[in-house]
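The structure under discussion appears below in the form of structure tokens.
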Amino acid sequence: MDLSNLAVIIVAAACSPNPDERKAAEQSLDQIKHTPQHLIRVLQIVVDGGCDPAVRQAASIHFKNFIAKHWDPHSGDQSKILPSDKNVVRDQILVYVSQLPPILRVQMGECLKTMIYADYPEQWPHLLDWVKHNLQDQQVYGALFVLRIMSSKYEFKSDEDRAPIYRVVEETFPHLLNIFDKLVQIESPSLEVADHIKLICKIFWSCIYLELPRPLFVPNFFNAWMVLFLNILERPVPLEGQPEDPELRKSWGWWKTKKWVAHILNRLYTRFGDLKLQNPENKAFAQMFQTNYAAKILECHLKLLNVIRIGGYLPDRVINLILQYLSNSIPKNSMYTLLQPHLDVLLFEIIFPLMCFNDDDQVLWDEDPHEYVRKGYDIIEDLYSPRTASMDFVTELVRKRGKDNFPKFIQFIVGIFKRYGETPLEQKPYRQKDGALLAVGTLCDKLRQTEPYKSELENMLVQHVFPEFSSPAGHLRAKAAWVAGQYANVNFSDQTNFSKALHCVISGMRDPELPVRVDSVFALRSFIDACKNLDEIRPVLPQLLDEFFKLMNEVENEDLAFTLETIVYKFGEEISPYALGLCQNLASAFWKCVDTDNGDDEADDTGALAAVGCLRAISTILESISSLPHLYGQIEPYLLPIMRKMLTTDGQDVFEEVLEIVSYITTFSPTISLDMWSLWPLIMEALVDWAIDFFPNILVPLHNYISRGTEHYLTCKQPDYQQSLWSVISSLMANKNIDDSDLEPAPKLLGIVLQTCKGHVDQCMEPYLRITLDRLRGAEKSSFKCLLIEVVANAFYYNAPLTLGILQRLGFATDILTIWLHMLQEKKKNGAHANFKGEHDKKVCILGLTSILSLPAGQLPGEVLPHVFRALLELLVGYKDQLAEAAKAEEEEDEEDGDDDNMDDFETDDEDDEENPDETDESKLRKLAAQAKDFRSYSDDDDEFSEDGYSDEELDSPIDEVDPFILFMDAVTAMQATDSLRFQSLRQTLDPHYEGLANNIAQHAEQRRAEILKEQLEKQASTTVLS
């Protein structure tokens, strides 16, 4: 196909308004795109200067997309681009990249990035030679452009992967320095010169970001670079050609060069500005840097900042970087000594004005309040903001050098407050008051800890903050709400002041200005946390929630949902009348956030975080209504679409939060609906395909399905849940590439099935045991070995004769008992048992070994029985002691909770607990769902928690109702009655120590019988009274 016809097809596929024509063109491209030289022909269209610009643009996009999808050999499509075509493309793109107009160069830059990241240096060894040659020739810009991409490949690489960039630095930096020096000496330089210098700076930045390459440790070579950087930093930017538009101005080439130089100098200062942080081999270099350059950079920065003091222009990003450097200088004595004479001017004439509300803020407030809110709560914006950098400087100054500076700065702020109060309304300095309030809010931690300010905080709030709730300036009403939130938890001597502030914040949620409403909501979270008497809020709770959802329909922000979460948590079951409406609104807000996330790349972070906030708030609501199971059936239909969609790859960013919702519903609903069962296949598919990291989270709903919907799990064949579980577990456990720690939930699931479905899954026993033993042979991690052994223990408890028969057929019966008993005996250096440390682990082992003890004579070799019996006695004593320690710890915790006055306002009354005989069961269920919220990592020494981060004791099971002491004594009694010779023979093997243990257990078993009988009688009596 000739170039003209190919160009027509490419344009039609990209731009045709006719859908049929566009589809036909796309199909034609699909047919020819893998033919030899297709990629070369497309590149020829891109670089053809005589071709229509729109055609070249369409061809460049097609070229970029094809390279992105098919160039990298790891993509699996490497055979579809011939090596000869790749060689031609590599050579041609280097020739033309610098000649292309910027709009096409951007596309080719993306292509070069894909190619260099995939091919250099192995498949493109001559690339560095090309760069070196062209740095000394006419194609300097093209060489710099390519070198920038090469260096960015290694910007974040660890030391072992950085060898290629060391060679790049050695062979190109001398040439770069020479070019840089010539560019700096040009009189009346053009914007093209700025672009060249900017590229050199970006190359330098990428090469030094993680580690300074060795050639730069040579003093003369490093000094030559620093002279040029300081030259760029100090010299005024050309006045001619500066754009008037602020957005274009900050992106102008000469300001960009200053920004990149400031970046580099900050990075060097962070790395070499503190001798105490240096490795021995770097100390001399760091000393040289501090002596020769640190102070000089500080001097340049102060001169630059003075420009804005006298009304000149400096881009926000440059101001931010300079203030970062100054903040880092505060703790260093030598640098602070240099900074100190300039502090008053810096603090009061430069930094404080940066903290004040300004013209740009007012324009954004008036013209785009949603963007004002977004920027105000965007973490990324904070990284670049002069205001945030100013706040950080003040915070660091009062933290590290507070003795001299803190009183002086507060006196300055108080002066602003006084002048504001004394000035007539029409002349009040609203913007200065805004900056002063920002300062007070920023320094809240320091003020709350330091006298005499600490005792004056309430008075300060009443006099200078609360009046601004009714300010004619909207930004001051917003700032008042924010500051009030910062101080919500101070000890108010007059509670009416707290109440006044709370109601002002609540009123702010109905303010006509959106930013005021948003700041009021965030402040409300602090007030609710600090509120000791919820009666302050109860009367207005319905209106409060209504205002919340009006705001959530206007703004996507995770903090809104977090505030709602706080309200739900504090009010608990009181929220139940609103639970359905809350979940409906949150579900709607979630979909809105997801749509925003998908539709706008710039809003990705905001939308995604807000979506997570919505799901967290839903989980909190579901937890708060746990004692009202009928509500789950009403709420479930509104959450099902979210669960169905987000349990697929579409929901990877919120998968954990969605699983938490599934856990709550499957835990607390009266029954698990068929709609909820329809999520099982989605969860299993995700687990196999991509969600292995979420296996601990997945375990919770799967446990609920099996334990609370046992009959459906066992009988349903469309789909066959038993087969589905086995298919997934067997494939995961057979995969040797999956680490033991990632697989820990798998044996737990097998144990859940065996405990829950006792007597109904005989057909599963052999495959379960076979896959367990296969994995045990290669297991290395002790905690995983314990879990595999517990599958065997559960199997013995399920059906001991059947299990023993299977193990004997597999030729592993003796070996598994030997491994098991050996692991029970293993000790740490401190004498504690190394394995089966948790209560659940011990109990499972006790039930399994007791089942072995109950096997008829002859089925088990006689010499094994004494070992099993002694292991059982030690386990039972250890289990008994562990239960006693846990009970004692719980009692102490209850006493501490009883002393905590702050909990009185939202804990349920003791009288209610006594009237509810099912409270214990409910608490158990609450624990089960709540454990999905916190999958923390625990150390090997933590006996209560398994290593996937949650407690097995929180998963309810039929074995919870089995008392192991009574089970053991019943087994011993049965043996004594049916086979007295065997019993006597076993007893004779016990030494006095084990005799003592046996008597101890026998006494405890009788005590447990009496306690259980008493509990049963009390429960019967309670039920009779209630009925």
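Quick notes on this structure:
- Contact map, the range 571-582: residues that are at positive phi paired with residues that are assigned to a helix (DSSP H, G or I) and hydroxyl-bearing (Ser, Thr, Tyr), Cβ distance under 7 Å, separation 6+ or inter-chain. Pairs shown: 572/624.
- Residue check, residue 491 assigned to a loop (DSSP other than H, G, I, E, B), surrounded by fewer than 23 Cβ atoms within 10 Å (Cβ to Cβ) and polar (S, T, N, Q): yes
- When residue 129 is tested against (1) open to solvent by 10 Å² or more (accessible area, probe 1.4 Å); (2) touching a Leu at 6+ places or on another chain (Cβ under 8 Å), only condition (2) is not met.
- Unique residue being small (Gly, Ala, Ser), open to solvent by 20 Å² or more (accessible area, probe 1.4 Å) and either within 41 Å of the chain's Cα centre (by Cα) or at negative phi (or both) when the list is 224, 194: 224
- Breaking point among (1) surrounded by fewer than 15 Cβ atoms within 10 Å (Cβ to Cβ); (2) farther than 27 Å from residue 126 by Cα; (3) more than 43 Å from the chain's Cα centre (by Cα), for residue 99: (2)
- Within the range 781-830, considering residues that are part of a loop (DSSP other than H, G, I, E, B) and in contact with a helix residue (DSSP H, G or I) (Cβ under 6 Å, 6 or more places away or on another chain), the one most open to solvent (accessible area, probe 1.4 Å): 781
- Number of the exception - residue 511 against (1) open to solvent by less than 50 Å² (accessible area, probe 1.4 Å); (2) in a helix (DSSP H, G or I); (3) within 22 Å of residue 376 (Cα to Cα): (2)
- Look at (1) closer than 25 Å to residue 15 by Cα; (2) outside any helix (DSSP H, G or I) and you find that residue 54 fails only one, number (2).
- Test: residue 686 is surrounded by 16 or more Cβ atoms within 10 Å (Cβ to Cβ), among the small types (Gly, Ala, Ser) and over 21 Å from residue 788 (Cα atoms): yes
- Residue count, the range 756-770 (criterion: open to solvent by 20 Å² or more (accessible area, probe 1.4 Å) and either part of a helix (DSSP H, G or I) or in contact with a Gly (Cβ under 9 Å, 6 or more places away or on another chain) (or both)): 6
- Subset tally (residues that are open to solvent by less than 20 Å² (accessible area, probe 1.4 Å), within 22 Å of residue 709 (Cβ to Cβ) and either among the small types (Gly, Ala, Ser) or assigned to a loop (DSSP other than H, G, I, E, B) (or both)) for the range 644-671: 3
- The range 336-377: number of residues that are in contact (Cβ under 8 Å) with a residue 12 or more places away in the chain and either in contact with a Ser or Thr (Cβ under 7 Å, 6 or more places away or on another chain) or hydroxyl-bearing (Ser, Thr, Tyr) (or both): 8
- Residues in the range 398-450 that are free of Cβ contacts under 8 Å to residues at least 60 places away in the same chain and touching a His at 6+ places or on another chain (Cβ under 7 Å): 1 in all.
- When 540, 462, 516 are checked against the criterion of being buried (at least 22 other Cβ atoms within 10 Å of the Cβ) and part of a helix (DSSP H, G or I), a single residue qualifies: 516.
- Conditions (1) open to solvent by 70 Å² or more (accessible area, probe 1.4 Å); (2) aliphatic (A, V, I, L, M); (3) not in a helix (DSSP H, G or I): number failed by residue 237: (1)
- Residue in the range 151-166 that is out of contact with any Asp or Glu (no Cβ under 9 Å at 6 or more places or on another chain), in contact (Cβ under 8 Å) with a residue 24 or more places away in the chain, open to solvent by less than 10 Å² (accessible area, probe 1.4 Å) and assigned to a helix (DSSP H, G or I) present: yes
- The residue that is nearest to residue 864 (Cα to Cα), counting only those in the range 961-1001 that are among the hydrophobic types (A, V, I, L, M, F, W, C) and exposed (fewer than 15 other Cβ atoms within 10 Å of the Cβ), is 981.
- Single unsatisfied condition, residue 472 versus (1) open to solvent by 10 Å² or more (accessible area, probe 1.4 Å); (2) touching an Asp or Glu at 6+ places or on another chain (Cβ under 6 Å): (2)
- Qualifying positions in the range 250-280 - at pLDDT 90 or above, open to solvent by 40 Å² or more (accessible area, probe 1.4 Å) and charged (D, E, K, R): 256, 267, 271
- Output for the range 692-708, where each listed residue is of a type in the set (Val, Ile, Thr) and either touching a Leu at 6+ places or on another chain (Cβ under 6 Å) or crowded, with 21+ Cβ neighbours inside 10 Å (or both): 698, 700, 706
- Helices (runs of 4 or more DSSP H) lying entirely in the range 326-424 (those with 1 or more residues that are of a type in the set (Gly, Ala, Ser) and open to solvent by 60 Å² or more (accessible area, probe 1.4 Å)): 333-339
- Residue 186 being surrounded by fewer than 21 Cβ atoms within 10 Å (Cβ to Cβ), under 29 Å from residue 252 (Cα atoms) and of a type in the set (Val, Ile, Thr): yes
- Among the residues of the range 72-85, not a single one is buried (at least 19 other Cβ atoms within 10 Å of the Cβ), assigned to a helix (DSSP H, G or I) and either touching a residue at least 60 places away in the same chain (Cβ under 8 Å) or of a type outside the set (Gly, Ala, Ser) (or both).
- Residue list for the range 640-692, restricted to those being more than 25 Å from the chain's Cα centre (by Cα) and of a type in the set (Val, Ile, Thr): 666, 667, 671, 672
- For residue 157, the stated conditions do not hold, so it cannot be described as out of contact with any helix residue (DSSP H, G or I) (no Cβ under 8 Å at 6 or more places or on another chain) and not acidic (Asp, Glu).
- Residues located in the range 691-729, provided they are of a type in the set (A, V, I, L, M, F, W, C) and in contact with a Ser or Thr (Cβ under 7 Å, 6 or more places away or on another chain): 700, 706
The values are calculated or read from the model by the stated rules, or taken from the named source; none is laboratory data. Only a predicted model underlies this, so the values are computations on that prediction, with no experimental measurement involved. Please note: Cβ atoms are built from the backbone with ideal geometry, for glycine as well, and neighbour counts cover all protein chains shown. All accessible areas refer to the heavy atoms of the entire protein, side chains included, with ligands and DNA or RNA removed. Shrake-Rupley method; radii C 1.70, N 1.55, O 1.52, S 1.80 Å.
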